[in-house]
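Reviewing the structure listed below.
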């Protein structure tokens, strides 16, 4: 009985480490994708801001875009990944 209990603890510990590694990987990839998305949106917002300087709401719109659009892109990227993986698993 003691041996089964130790085996269960070992399996639980291994599962916890795998889960922790998975969560760390997802967070690291998300941070990388968010940085890339923010860089692209910042470059686009800067170029549009210089092109449309006389537009009255360009500053608030670019600030909004810089904060919101990278997060939306991140969501779309993870959604696309989920769709591609589910299609691949069906085959």
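No lab work stands behind these numbers, since they all come straight from the coordinates. Source: prediction; values computed, not measured. Positions of Cβ are generated from backbone atoms using ideal geometry, with glycine treated the same way; all protein chains shown enter the neighbour counts.
Highest mean first, how do 42-54, 13-25 rank when packing is the count of other Cβ atoms within 10 Å averaged over residues? Provide the component values of the computation, followed by the final result.
Numbers: 42-54: 12.2, 13-25: 10.0.
Highest to lowest by the protection proxy: 42-54, 13-25.
What would the Debye formula give as log10 I(q)/I(0) at q = 0.11, 0.15, 0.22 Å⁻¹ for the alpha-carbon point model of the stretch 2-90, no solvent?
After summing over all Cα pairs, the log10 values are -0.54, -0.75, -1.03.
Pairing the Cα long axis of helix 58-90 with the longest principal axis of the chain, what angle in degrees results, from 0 to 90 and rounded to the nearest 10?
Its long axis makes an angle of about 40 degrees.
Taking the Cα atoms only, what angle lies between the long axis of helix 2-51 and the longest principal axis of the chain, rounded to 10 degrees?
Helix 2-51 sits roughly 10 degrees off the main axis of the chain.
What is the distance in Å between the Cα centroid of the stretch 1-56 and that of the stretch 74-88?
14
In whole percent, what relative contact order does the chain give with Cα contacts below 8 Å and a gap of six or more residues? Before the final figure, lay out each step's value.
Numbers: 25 pairs, mean separation 26.6, N = 91.
Value for the chain: 29 percent.
Pick out which of 33, 72, 61 has the largest mean-square fluctuation in a Gaussian network model of the chain, springs linking Cα atoms closer than 10 Å.
Maximum among the listed residues: 61.
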